[in-house]
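Okay, structure first, notes after.
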């Protein structure tokens, strides 16, 4: 999973992943969209392939890249497990609710 975090850490690789959401693309299309040269694109695609976030298939003289959504789903599941299940302790929720109600009462008094 460490490779996946490295892969999404770079904005160019995130752009490539976003573009691949629209379907399969050739290396030339990816280079044009990401505004990078072929050498830089090769580096970015290697990182994405090592993270298993993209798949490549040779079709004649072209290499066609597709998004591997399984790894992205696993990554999102892990992130949501870290942050999605976080809730304030019950005492904190009660105090926040009480503060919110007090602020609402105070704003009502000011309008009267």
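Quick notes on this one:
- Count of the stretch 1-42 residues, restricted to those that are more than 19 Å from the chain's Cα centre (by Cα) and in a helix (DSSP H, G or I), is 10.
- Checking each residue in the stretch 47-70 for being assigned to a loop (DSSP other than H, G, I, E, B) and touching a strand residue (DSSP E or B) at 6+ places or on another chain (Cβ under 8 Å) picks out 53, 68.
- Any hit, the stretch 72-80, residues being at pLDDT 50 or above and surrounded by fewer than 10 Cβ atoms within 10 Å (Cβ to Cβ): no
The values are calculated or read from the model by the stated rules, or taken from the named source; none is laboratory data. Here the structure is a predicted model, which is why all the values come from computation and not from measurement. Quick reminder, even Gly has a Cβ in these numbers, built from the backbone with ideal geometry, and neighbours come from all protein chains shown.
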